[in-house]
Amino acid sequence: MGSGRAGPGMVDPRDVPVGDVYITLDEVRIVLDRQGRRCVRCGAPLRPGLTYFDLRRPVICGGSRTPGNVEALCPSCHRRHMRRIRELLAMHQRR
Ligand SMILES: [Zn+2]
């Protein structure tokens with residue numbers, strides 16, 4: 001147990017959805033402990049059900065789907081983050 005990360009196409013049912021990525025409960029705990037259970041952007045305390053996990057560096061920008069590239073955000077920082085990702089995606093598609 002706890003061995004082997006879920007890769008693309010191998011999603012464990014207990015995994016937490018992270019935008020376009022999935023991380024395991026172990027990885028969720030690693031990220032939360034690293035951040036002291038606070039939003040990495042604004043420092044607001046993170047609450048269960050109101051915590052969003054996003055890739056710090058999106059996959060389209062060369063980011064990896066590993067805990068080191070995942071950050072936990074509060075709902076408002078998550079919204080801001082997703083808006084930025086959409087802008088990045090639009091820039092990529094224009095090329
Ligand atoms: Zn925040």
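So which residues in region 38-67 are among the β-branched types (V, I, T) and either away from the ligand (no atom under 11 Å from the Cβ) or farther than 20 Å from Y22 by Cα (or both)? So that I can check it myself, show each step before the final result.
To start, the set of residues in region 38-67 that are among the β-branched types (V, I, T) comprises 40, 51, 59-60, 66.
Result: V59, I60, T66.
Would you check which residues across region 47-67 are within 19 Å of E27 (Cβ to Cβ), assigned to a helix (DSSP H, G or I) and open to solvent by 50 Å² or more (accessible area, probe 1.4 Å) and list them?
Listed by number, the list holds a single entry, V59.
Within region 36-45, work out how many residues are open to solvent by less than 60 Å² (accessible area, probe 1.4 Å) and closer than 25 Å to R86 by Cα. Please lay out each step first, then the result.
Here is the first cut: in region 36-45, the residues open to solvent by less than 60 Å² (accessible area, probe 1.4 Å) are 36, 39, 43-44.
With the extra rule that they be closer than 25 Å to R86 by Cα, the set shrinks to 39, 43-44.
Within region 36-45, residues that are open to solvent by less than 60 Å² (accessible area, probe 1.4 Å) and closer than 25 Å to R86 by Cα number 3.
Collect the residues in region 68-81 that are surrounded by fewer than 19 Cβ atoms within 10 Å (Cβ to Cβ), closer than 18 Å to T24 by Cβ and either within 16 Å of the ligand (Cβ to nearest atom) or touching a residue at least 12 places away in the same chain (Cβ under 8 Å) (or both), keeping them in residue-number order.
Once the filter is applied, which keeps residues that are surrounded by fewer than 19 Cβ atoms within 10 Å (Cβ to Cβ), closer than 18 Å to T24 by Cβ and either within 16 Å of the ligand (Cβ to nearest atom) or touching a residue at least 12 places away in the same chain (Cβ under 8 Å) (or both), region 68-81 yields only N69.
The values are calculated or read from the model by the stated rules, or taken from the named source; none is laboratory data. These numbers were taken from a predicted model, which means no experiment stands behind them. In this analysis, Cβ positions are derived from the backbone assuming ideal geometry, glycine residues included, and neighbour counts consider all displayed protein chains. Ligands, DNA and RNA are stripped out before the accessible areas are found, and what is left, the full protein with its side chains, is counted by its heavy atoms. Shrake-Rupley method; radii C 1.70, N 1.55, O 1.52, S 1.80 Å.
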